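The structure that follows is given in the form of structure tokens.
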Amino acid sequence: MGTASDRVDKWNRYLKSITRNDPTMLGPCEEAPYDHSKDSRGMILPSFNFHGGTWSERVDNARDFKVLDTDVFICCMPRSGSTWVQNIIKHIINTDIDQATAEFTRYFDGYSNEQLDEIPQRRFFKSHLHYSLLPPGIPKTIYIARNPFDNAVACYEILRGINTNDMVWDTIVELYFGGPFMFGGWFDHVVQGEKQAKEQPDTTLFLRYEDMKADEKGNVIKLAEFLGYPITEERAKSIVESTTFNKMKNDKSTNIFSWAKDDDYTFIRKGIVGDYKNYFSETQFTRAREVLKKSSVTCYNADDFDF
């Protein structure tokens, strides 16, 4: 797969060729230093402008954000189910369900600290940043993991929607499993999520996307209890029915299109488990499963996946 430096260069050249040099979309990657286990490393970040700033600028001050004791952070790699969880939480706390999901749960990575300080309590934030980049002392964290095969597909589809249909699957799957990939890559991101949940079980709820799909009502109840809003089984059943992927897909406050380049793009896609079988070649899957098998991730067993 080449060296890490070769793959960064390949990623940059590839994205530059498909973004039409539009600075507001996903453009060339940049390396932003961050501290991880007291070692200086590099993280690949998108470089598009978001609410007036760049990702590297956000990284520079994200840890300085002053958290409140009622703040809740929803953390995960992109396309792991955070929008779904946001929508569930909005229904759990019985807020204005007509409020746009993006307004109810602010995207921590996309705003300045000053903008976020203006949000009234109780504040819910979504973030794709690596744990080492988040502010210390977060009182409650919900971490969502999605299996890397389906997540790779979902990341590919959102990049394809942003950058038009020129996005090539073979390139994405090589970078996703060979690294480096955005936000530190799936493997390191999930390992840090597991570590956080193990070290701080009282303040961290670790969810697997697949488990949520298998038992939606049970996980809605689990979320509600974690947030301090216990609900009945009947209420949980109602929330499940109100937050199906079909309903979210038809809800313009959740299924956002404003930055898509492809007219057929939909932010809320299938929401299913196992879609990777429609994308991976047998060779790609075999190599990717071997990467998972050799990784430090414990929440997924490579032998549980087939082609």
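Read phi for every residue in segment 203-210 and hand back ³J(HN,Hα) as whole Hz from Karplus 6.51 cos²θ - 1.76 cosθ + 1.60, θ = phi - 60°, with x for Gly and Pro.
10, 10, 9, 9, 10, 9, 3, 5
I'd like to compare 122-133, 212-223: which one has the highest average count of other Cβ atoms within 10 Å, and what's the full order after that?
Ranked from most to least packed, the peptides come out as 122-133, 212-223.
Any idea of Glu199's accessible area? Nearest 10 Å², probe 1.4 Å.
Estimated to the nearest 10 Å², Glu199 gives 110 Å².
Around Thr204, which amide H atoms from residues at least 5 apart in sequence, or from another chain, sit under 5 Å from its own amide H, with H modelled in the peptide plane?
HN-HN under 5 Å from Thr204: Thr141.
Along the Cα→Cβ direction, 7 angstrom out, place labels at Asp170 and Ser238. What is the inter-label distance in nm?
5.3
Express the carbon and sulfur contribution to the solvent-accessible surface of segment 181-245 as a percent, rounded to the nearest whole number, probe 1.4 angstrom.
Within segment 181-245, the accessible surface is 49 percent carbon and sulfur.
Still on this structure: Which value in nm describes the separation of the simple spin-label points at Lys195 and Lys217, placed 7 Å from the Cα toward the beta carbon?
Taking the two extended label points, one gets 3.9 nm.
Still on this structure, please answer the following. Could you give the spread of the C-alpha atoms of segment 105-178 along their three principal axes, from largest to smallest, in whole angstroms?
Dimensions of segment 105-178 along the principal axes of its Cα atoms: 43, 24, 17 Å.
Let me ask something additional. Sorting check: for 135-143, 58-66, which peptide has the highest mean count of neighbouring beta carbons within 10 Å, and how do the rest follow?
Put in order of decreasing packing, that is 135-143, 58-66.
Among the listed pairs Lys198/Lys237; Lys140/Lys222; Lys222/Lys294; Lys140/Lys270; Lys90/Lys277; Lys90/Lys247, which have their C-alpha atoms separated by more than 21 angstrom in this model?
Beyond 21 Å: Lys198/Lys237; Lys222/Lys294; Lys140/Lys270; Lys90/Lys277.
Can you give me the % of accessible surface on segment 55-157 that is carbon or sulfur? Probe 1.4 Å, all protein chains present, nothing else counted.
Here it works out to 45 percent.
The values are calculated or read from the model by the stated rules, or taken from the named source; none is laboratory data. Keep in mind that what you see is a predicted model, and the values were worked out from it rather than measured. Please note: Cβ atoms are built from the backbone with ideal geometry, for glycine as well, and neighbour counts cover all protein chains shown. Ligands, DNA and RNA are stripped out before the accessible areas are found, and what is left, the full protein with its side chains, is counted by its heavy atoms. Shrake-Rupley method; radii C 1.70, N 1.55, O 1.52, S 1.80 Å.
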